[in-house]
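Asker: Mind looking over this structure? Questions follow.
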Ligand code: ATP
């Protein structure tokens, strides 16, 4: 079966700084794949390259078997890809409802439809629908970012460090949601520094170090590689 996403010998970086040095990764449909690794391994750069905000200098990105190198983020979004960057990407000076309304423009869904499905999935956002996003807790902002991303019914969701700066309980809740989304058929590639949590919902994991994927496998198979990559540290 064609992969939802395939990276083949992907190289990319920032000007003369080479970060990705030949990344190979196969992300199957409807599963959660965790991309793990220590600080600076190149995880965020990999997501940026898949999401079209960086152009590969070598290698290929295939979405559902289609070569998409160089496609713009908006073209990739139309192809069903949604990237939630580190730091979440909500509009802090708009309310929850207004943040959701922004996603309706140019789409095929009405605002009431989007609000109903978002609030059913995230009851906490319903309670806070009139609150400015920037005044909500980090976890609530992450929920809003995820709700915004889901309004376009993505086929492939790229999540970058959803646990960043959040309390363990709320992170658990967010990861439960990641598991539910995969059960609904959305393919998820999640970048995470806290390996244990991501591995608890992942079907497959890839460990990255120094701009390469060093190990891939099922969560139990990569445990040792995760320890090595983190030098026995934060994993
Ligand atoms: P972290 O877990 O700390 O976010 P990461 O694995 O996601 O790490 P990246 O953010 O992809 O790592 O960074 C990989 C390398 O690229 C690092 O050495 C970083 O300093 C560098 N880098 C990242 N963004 C830029 C940028 N905009 N300009 C120049 N170098 C960058």
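Asker: Please work out how much length the chain gains when fully extended from residue 173 to residue 200, using 0.36 nm per residue of separation minus the C-alpha to C-alpha distance, in nm with one decimal. Don't skip to the answer; put the middle values down first.
Answerer: Details: separation 27, 0.36 × 27 = 9.72 nm, distance 1.24 nm.
Additional length available on full extension: 8.5 nm.
Asker: Here's something else I'd like to know. Taking neighbour counts of Cβ atoms within 10 Å as a proxy for exposure, in what order, fewest first, do 163, 209 appear?
Answerer: On the way: 163 22, 209 18.
Least crowded to most crowded, the residues run 209, 163.
Asker: With n ≥ 4 as the cut-off for DSSP H runs, can you work out [θ] at 222 nm for the chain, using -39500 (n - 2.57) per run divided by the number of residues, rounded to the nearest 500?
Answerer: Working: 9 runs with 84 residues, N = 235.
Value at 222 nm, helices only: -10000 deg cm²/dmol.
Asker: While we're here: Quick one: 230, 175, fewest Cβ neighbours within 10 Å first, how do they rank? It would help to have the intermediate numbers written out before the result.
Answerer: Numbers: 230 19, 175 22.
So the residues, fewest neighbours to most, are 230, 175.
Asker: What is the fewest-to-most order of 146, 169, 164 by other Cβ atoms lying within 10 Å of their Cβ? Write out the running numbers ahead of the final one.
Answerer: Working: 146 23, 169 9, 164 15.
So the ranking, lowest neighbour count to highest, is 169, 164, 146.
Asker: Same structure, new question: Please work out the Cα center distance from the range 1-57 to the range 78-95, rounded to the nearest Å.
Answerer: About 19 Å separates the Cα centre of the range 1-57 from the one of the range 78-95.
Asker: Please report the projected area of the range 1-58's Cα convex hull averaged over all directions, in nm².
Answerer: Details: hull surface 16.9 nm².
So the Cα hull casts an average projection of 4.2 nm².
Asker: Quick one: Cα convex hull volume of the range 88-153, Å³ per residue? Each step should come with its number before you reach the end.
Answerer: On the way: hull volume 4.7 nm³, N = 66.
Considering the Cα atoms of the range 88-153, their hull volume per residue is 71 Å³.
Asker: Taking springs between alpha-carbon atoms closer than 10 angstrom, which of 46, 215, 135 fluctuates most in the Gaussian network model of the chain?
Answerer: The residue with the greatest mean-square fluctuation here is 135.
Asker: Let me ask another. Based on DSSP, what percent of beta bridges with both residues in the chain are antiparallel, to the nearest 5? Walk me through the intermediate numbers first.
Answerer: Values: 21 of 39 bridges.
In the chain, approximately 55 percent of DSSP beta bridges are antiparallel ones.
Asker: For the range 116-164 and the range 171-235, compute the distance between their C-alpha centroids and round to whole Å.
Answerer: The distance from the Cα centre of the range 116-164 to that of the range 171-235 comes to 21 Å.
Asker: Go ahead and collect, in residue order, the members of the range 24-64 whose backbone nitrogen is under 12 Å from a label point 7 Å along the Cα-Cβ direction of residue 212.
Answerer: 24
Asker: What value in Å³ per residue do you get for the convex hull of the alpha-carbon atoms in the chain? It would help to have the intermediate numbers written out before the result.
Answerer: On the way: hull volume 28.4 nm³, N = 235.
Taking only Cα atoms, the chain has a hull volume of 121 Å³ per residue.
Asker: Fully extended, how many nm does the chain gain between residue 108 and residue 224 (0.36 nm per residue separation, minus their Cα-Cα distance)? Let's see the in-between values first.
Answerer: Values: separation 116, 0.36 × 116 = 41.76 nm, distance 4.60 nm.
Roughly 37.2 nm would be gained on extension.
Asker: Just need the relative contact order of the range 39-196 here, percent rounded to a whole number, with Cα pairs under 8 Å and 6+ apart. Before the final figure, lay out each step's value.
Answerer: Values: 187 pairs, mean separation 39.7, N = 158.
Relative contact order comes out at 25 percent.
Throughout, read-outs are computed from the coordinates displayed, never taken from laboratory work. For clarity, every value in this text was computed on a predicted model and none was experimentally measured. We place every Cβ from the backbone using ideal geometry, glycine too, and count neighbours over all the protein chains shown.
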